[in-house]
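Novice: Take this structure, written in structure tokens, and hold onto it; I'll ask about it next.
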Amino acid sequence: CDWSSDVCSSDLDVARSIELFPQDEFRLIAALGLIDADIDREALNQFRRDRIRGLCCVDRGGRLAVIVEPRPTKLETEVIVVHELVHALHRQHLATGSDLGEGGGFELPSPFIAAVESIPQFVAFRYLETFPAEDRYPVEPELPIVTPAMVALVGEVPAAMLNFAYFTAVPLAEAVFAERGAAGLLELLRTPPTTTEQVLYPGRWLSGENRVSQAAPILPSDATYVDEGRLGVAMLGFLLDEVTTDGARRALLAEWTGDRWAMYRTPETGDADCLSVVVEMDSVDAAAQLAELLGQVIAPSVVLDGDRKSTRLNSSHSSVS
């Protein structure tokens, strides 16, 4: 289906009305201090809509339709077509749950979306690798949803969240394919990861390891409950990005065993969204290291609970609670 044709216009209108950052998700990353104060939620969503370059799959009376925007080079257009056709193949042959499976967990970025997008990206990259370097050179910089030149428009963490499923999750598909072949990739879709830990550490998904039994933190007696969920390894990584190296951060977060956050407000904090978070690690040493690093980011609100090998933090986007 041609991007500019009237036949596709209604489908594009639907795609361009989606919200990649719904209010509750935007509220969480704002409460964690991970988004610039001048970034507007609707502007962020509009940025993502403007970066839609292909769609799958539109059901046209029992027939699947793939819509692709022609790109400046033929190869870039082909790579996007390949990506969307893999989605179409999955849609044809996997009749499970909501489209491709049940979305697992409630972390950000979505582990389920990471699994769904990782395989089309894995295949598209393999296709791209069949071409000479001189042909790939103008294409590769344009493949991210947020290119390096665009990061300043949306902020570091929103950019990382938008790119997560398309790039960070590709090693997941590579690891699964290396160990279990194409059958493993189908399994990845049928039983997708439920945590970002399983996405970022593929061995955890391959071994069936899933450790998220942390109880919700206790709120102040005068608190008004707003929401709750799990931060997960990816979001903790965003918090630690400026105070750790990639290798040190990965080694530390490999010891994550679960966490839970609760958002609330109190009469004292007024309109500020406050968070109480408990993060549990494999060892007391890892919990102490995490507490020290988080203290550099959200000081002085981080407390180490040595007996439980956990770190507790409290924060607000406008003040520490």
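Novice: Looking at region 192-213, which of the residues that are out of contact with any strand residue (DSSP E or B) (no Cβ under 9 Å at 6 or more places or on another chain) and of a type in the set (A, V, I, L, M, F, W, C) is farthest from ARG180 (Cα to Cα)?
Specialist: So, considering only residues that are out of contact with any strand residue (DSSP E or B) (no Cβ under 9 Å at 6 or more places or on another chain) and of a type in the set (A, V, I, L, M, F, W, C), the one farthest from ARG180 (Cα to Cα) is LEU200.
Novice: Considering LEU55, LEU12, LEU64, LEU20, which residue is modelled with pLDDT under 85, part of a loop (DSSP other than H, G, I, E, B) and either out of contact with any helix residue (DSSP H, G or I) (no Cβ under 8 Å at 6 or more places or on another chain) or within 30 Å of ARG136 (Cα to Cα) (or both)?
Specialist: LEU20
Novice: Which members of region 134-179 meet the condition of being open to solvent by 60 Å² or more (accessible area, probe 1.4 Å), among the small types (Gly, Ala, Ser) and modelled with pLDDT of 95 or more?
Specialist: Of everything in region 134-179, just one residue is open to solvent by 60 Å² or more (accessible area, probe 1.4 Å), among the small types (Gly, Ala, Ser) and modelled with pLDDT of 95 or more, namely ALA178.
Novice: Residue by residue through region 251-272, note down the ones that are part of a helix (DSSP H, G or I) and without any contact (Cβ under 8 Å) to a residue 12 or more places away in the chain.
Specialist: ALA251
Novice: Take the residues in region 185-216 that are more than 16 Å from GLY232 (Cα to Cα) and under 18 Å from the mean Cα position of the chain (by Cα), then tell me which one is surrounded by the most Cβ atoms within 10 Å (Cβ to Cβ).
Specialist: Residue satisfying both the conditions and the ranking: LEU188.
Novice: Suppose we keep only residues that are assigned to a helix (DSSP H, G or I) and among the aliphatic types (A, V, I, L, M) within region 186-219. Which one would you say is nearest to ASP282 (Cα to Cα)?
Specialist: Residue satisfying both the conditions and the ranking: LEU200.
Novice: Sticking with this structure for a sec: So which helices (runs of 4 or more DSSP H) are wholly in region 98-185 and hold at least 1 residues that are over 15 Å from VAL86 (Cβ atoms), out of contact with any helix residue (DSSP H, G or I) (no Cβ under 8 Å at 6 or more places or on another chain) and small (Gly, Ala, Ser)?
Specialist: Output list reads 133-136, 151-154.
Novice: Something else: Scanning region 67-98 for residues that are more than 14 Å from ALA124 (Cβ to Cβ) and small (Gly, Ala, Ser), which turns out modelled with the lowest pLDDT?
Specialist: GLY97
The values are calculated or read from the model by the stated rules, or taken from the named source; none is laboratory data. All values reported here derive from a predicted model rather than from experimental measurement. Every residue, glycine as well, gets a Cβ built from its backbone with ideal geometry; the counts of neighbours run over all protein chains shown. What goes into the accessible areas is simple: the full protein's heavy atoms, side chains included, and nothing from ligands, DNA or RNA. Shrake-Rupley method; radii C 1.70, N 1.55, O 1.52, S 1.80 Å.
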